[in-house]
Structure formats: C-alpha cells, structure tokens
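Each value in this text was obtained by applying a stated rule to the coordinates, not by laboratory testing. Computed from a predicted model, the values in this text were never measured in an experiment.
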Amino acid sequence: MKNENKEHKPLNSTQVAQTSILIDTLTKRPYQKIGQLVIKLGITKPKISDRTFYRLIDKLFIIYGIKITFDYKIGGYFIDEKESSNTESFLSHIEILASAELFTSNFEDKINPLSLIEFETKAITASIHNFKIVLKAIQKRLPISFMHDSFYHLKKEEYLLKPYFLKQYQNRWYVVGETDKGYRTFGIDRIENIKLGTKKFKAKTDEAKEKFRNVIGLNYVDHKLQTIKLSFHFSQKPYVLSLPIHHSQKEINMDNVDTFDIELYIHPNFEFSQQVLKYGSLVKVIEPKWLAEEIKEELRKGFGNY
C-alpha cells in the first residue's frame, strides 16, 4: 500500500519536463523504442534508467489516465488514444505546471515574472470563485443553484443544475449540466449567488460530453449532424492544420494546389458560422449548399453596412 500511495503523488518538476518531452515525442513520431526514449528523457544526465521510464508511464496512467503502450508488432511505444483520457487537456495541464515552475526558479530577484506575460482576458480571473465552487460540486456530485445573467435574453434567471463537467470556449469557462428541462451550458463569469446543494446525484459526464463531441462551441441543437466541406486559400493551411477547427477535421482534395480543403462532421451552429465568417474571403463553403447560401447572405448584409 505504501508504494501505491507514492505512485499517486503529483509529478515533480523533473517529471513534468520528462512527461512533456515524452508526449510531444510520441505525438510527432510514435512507435519509438525504449532506448531512444530514455535518452531523450535524460534531463540532468545522458539518459534515465529503464526502471525510471516504466515508473513514469505507470504514473501517467494511474494519475492522469494517459496510456503509453508497447506495440509488439512494430516494436515501439505509442500513445493509446482509445485507452487514454483527453490527451489535449492533459497537455494543457502539463503546460500550466511547466509555466508554474518558471515562477519559482530561473528568475533573478529583481525580475517580476508577471511582467513577462500579457494575458488576453480577465474572464478567468474574474470567475475563479465560481470556478472553484462548480468544480467542487462536480467532484462531489452535488447540485448548484444560482442566478444566471443571459447575454442573449438580456435577463437574469434562477436555475438548479446538476453539473457534469467544465468546458472552455474562446477564453471563457462554461459549466455543462442538466436542469429539469434538459442539458444546458452556463457561463461561469455570468453566475451570481451560487450555492452548493446537499443531495447527491448520479453523474452522467460521459453522456453529457457525447452531446458536445460534434459541436463547435456550445449549441448542439441548431442543425442535425452532417458533413461540412470548406475550401481555404492555400495560405491558411498552416494555421488550420496547427489549430484544427474540430477534432473530426480531415484534409480532402489534396491534388488542389491553390486551395486547402477540409471536411468536418459536426452539428453546424451559430458558433461555427462565426468561425467561418472570420476568414472572410479566404474561405468558401463547398457543402452543404444551404450553409453556403447562409454564409453568403451574412457577408452580403455585412457589406451593406458600409
């Protein structure tokens, strides 16, 4: 039991760095042999021991749910996405830990670390109090009651919510849960007078996440699930590749030399239309036709404002 508790301790600073290297390495080039990996993970010496490597990948799975598996046919290690939790969320977590390490080391006393960072928004700092309460409610499976200030309806309403998970979208945090009228999302920064309930509920986190799996943003009821095809000016390829619009994104029409075309499988909604419109003349909707007409009409209205 003593060893098991030790394995559940958070990663130390060296392990944070090793983990970041390991995930990045196997993401870019999977199926590497242990000999290659222990050399790359040797932060303070030429390489770590095989035993240290095995402890690190065990800890990754036990604490964070990230599964590093050995493929006996190919003869190398890879990230088993099917057996892992959200890898992207984990990488964000590791980046935060690595950044936190910078605030405690490698700075001269006269340098203020915060002077080296410019934050884009105050939304997260303004809602930390609510964030903590909501996270506690999710962990303990307790309902929350609150007043919510709707930007869309321009009014405040009181809600009772079973919170299932937190979702970030465009630098704002939202809680996804269930009211007596079904699944809803609420902006954390627009919640007031939040109170923690006492009657536990049965969590339906997986079911809730599935609702939003094929959604960009927060609304999954605007249109049915369907295939969307977009054609970008070729100059946009590195941007769309490095920051995909959706996890279902895949490149199509690869013979085209002047355009970069992609296919998505989503519920097209208002947030998605905003994503398309921000590219202006650098993107065209190929399919479906109704969406192409809708985007064309929005561009026509915008042109009419000038």
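Averaging Cα coordinates gives a centre for segment 27-55 and one for segment 189-233; these two points are 38 Å apart. If the chain linking Q226 and D180 were pulled fully straight, counting 0.36 nm for each residue of separation and taking away their Cα-Cα distance, it would gain 13.7 nm. Pairs of lysine residues in segment 135-199 that meet both criteria, 8 or more places apart or on different chains and Cα atoms under 17 Å apart, total 11. Computed extension length for N214-Y306: 29.6 nm, one decimal, from 0.36 nm per residue of separation with the Cα-Cα distance subtracted. Under 24 Å of direct C-alpha separation, and excluding same-chain neighbours fewer than eight residues apart, K284 reaches these lysines: K224, K229, K237, K250, K296, K301.
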